[in-house]
Amino acid sequence: MSILMIFVAYDILCAVKISQKGDLIFVRLSTTARYSLRALSDLCAYSDYDPVSVSDIATRQNIPVNYLEQLFGKLRRAGLLESVRGAQGGYYLARSANEITIAEILQALNEPFIFGSCQTDKGCKNAVTCPTFSLWRRVKGSVDEILSSTTLEDITHESISLLETHDTDPERQEAMNKALKSKGE
């Protein structure tokens, strides 16, 4: 597995935006994308197509419930999630996790991957003479390919493996174990 794929899986893949502060260019990970992908991975791991409550996911992933409700609302409107109301209600995937790509999730959240302002729809007036334009286009193309070929199922398997070996939060570990037991594992 490449270094990039390990980074992507470990952070449960985040929408990346480039920010500038003075001359320093850095990568900032979108909270919206990070929380959504962590929550969807959790949902995938614990649902078996049964509804999972937002509060359970929020507890396991340490995400504010109200924020997660808003994110899941966007994903439901985009057709990636279904919801069931009531005491036994919650959310479940509208399609199989191996059919939902990370690119599709980011698009539903309106969290595009943009690597430099020259790669946007507006473009750059200096693109013809810029020595780095081609480099950023290739980087963006490679990242787009990874996002389009990586599924929710892929990051869920990686996420479960990482949680089993690295999670030291006893409350989250207890919530995870409770969910796995209720699933029959």
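Every number here is computed from the coordinates shown, using simple stated rules; none is lab data. These numbers come from a predicted model, not from an experiment. Note: ideal-geometry Cβ built from the backbone for every residue, glycine included; neighbour counts use all protein chains shown.
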Problem set entry | Relative packing of 125-132, 143-150, which averages over residues the other C-beta atoms within 10 Å, highest first | 143-150, 125-132
Seminar exercise, completed: In nm, the gap between the two label points placed 7 Å beyond Cα toward Cβ at Lys125 and Val143 is 2.5 nm
Exercise. What's the local net charge at Ile100, with K and R +1, D and E -1, over the other residues with C-beta under 12 Å away?
Worked result: -3
